[in-house]
Amino acid sequence: MLVIVGTVRLPVENLGVARPAMERMVEASRAEPGCLLYAYAEDLFDPGLIRVTEIWADQTALDRHFAATHLAEWRAAWPVLGLGDRDLMLYETATSCAI
């Protein structure tokens, strides 16, 4: 299993414009084979900071995601939306457990 966690930043004034694009990205990603979790969440105390959480079944699923049309469209929108300060980390885990 592969876990991606981190943050991206958007100018606060662009959040309204970015939400529909983020929603399309999340919905399309969640529909991909091997996507176990895909979520964006706005930080309650730091406007414009978006927390990203993804869980993928395996590298093949993640590679398909990286090649997906909706990801290319999302990345193409970054300059217009002012998305920056990407800080994402990829972790590989053998198992998962409830804590």
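The values are calculated or read from the model by the stated rules, or taken from the named source; none is laboratory data. Computed from a predicted model, the values in this text were never measured in an experiment. Note: ideal-geometry Cβ built from the backbone for every residue, glycine included; neighbour counts use all protein chains shown. Just the protein is used for accessible areas: all its heavy atoms, side chains included, with ligands, DNA and RNA removed. Shrake-Rupley method; radii C 1.70, N 1.55, O 1.52, S 1.80 Å.
Structural remarks
- Qualifying positions in the range 59-94 - touching a strand residue (DSSP E or B) at 6+ places or on another chain (Cβ under 7 Å) and on the phi > 0 side of the Ramachandran plot: Asp85
- Pairs where the first residue, in the range 65-77, is in contact (Cβ under 8 Å) with a residue 12 or more places away in the chain and the second is open to solvent by 100 Å² or more (accessible area, probe 1.4 Å), C-beta under 7 Å, 6+ apart: His70/Arg24
- In the range 19-59, the residue that is nearest to Leu90 (Cα to Cα) out of those that are assigned to a helix (DSSP H, G or I), out of contact with any His (no Cβ under 8 Å at 6 or more places or on another chain) and open to solvent by 80 Å² or more (accessible area, probe 1.4 Å) is Gln59.
- Within the range 5-18, being outside any strand (DSSP E or B) and closer than 18 Å to Leu71 by Cα holds for Leu10, Val17, Ala18.
- Single unsatisfied condition, Gly16 versus (1) buried (at least 18 other Cβ atoms within 10 Å of the Cβ); (2) farther than 22 Å from Thr95 by Cβ: (1)
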